[in-house]
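Peer 1: Please see the structure below; I have some questions.
The values are calculated or read from the model by the stated rules, or taken from the named source; none is laboratory data. For clarity, every value in this text was computed on a predicted model and none was experimentally measured. Here the Cβ positions follow ideal geometry from the backbone for every residue, glycine too, while neighbour counts run over all protein chains shown.
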């Protein structure tokens, strides 16, 4: 790998550093364009931040409203809320057993599930809907039976 050394004229340039020689470079239109672009980016980021703040406010307002309504429902139906909590605890145990059986079957038949699309479809058909419905019911019971919020944020 032999390369010719670069010429010294390409490496060194002459710079005048005398006190009277100040070279002022005229502002390019490129500098003005870059400044304009940076200002546009900053304005876009400011607008994006404003929109994000509005979104957070909307989501938190909806969540506060939902929590308020849920708290009112629990106060109006305290016995039903307790029953939901007990049902959620019992159904949680059922869910654990269901998941345990499902994972055992996956462990025992993992190779078959990988190799055959028919077997995978059968597995999904057998476990998928039940798991989805079980999760939905459990989530609803857990929310309705959860302990009421003692603090309200306004």
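Peer 1: Within the range 55-70, can one find any residue that is at pLDDT below 95 and in contact with a helix residue (DSSP H, G or I) (Cβ under 8 Å, 6 or more places away or on another chain)?
Peer 2: Checked the range 55-70: at least one residue is at pLDDT below 95 and in contact with a helix residue (DSSP H, G or I) (Cβ under 8 Å, 6 or more places away or on another chain).
Peer 1: Okay, moving on. Which residues, taken from the range 121-146, are loosely packed, with under 11 Cβ neighbours inside 10 Å and under 24 Å from residue 69 (Cα atoms)?
Peer 2: Selection gives 136 alone.
Peer 1: I would also like to ask the following. Report every pair of residues separated by at least 6 positions or lying on different chains whose Cβ atoms are under 8 Å apart, first residue within the range 99-111 and outside the structural domain of residue 134 (by TED's automatic domain parsing), second surrounded by 11 or more Cβ atoms within 10 Å (Cβ to Cβ) and not in a helix (DSSP H, G or I).
Peer 2: none
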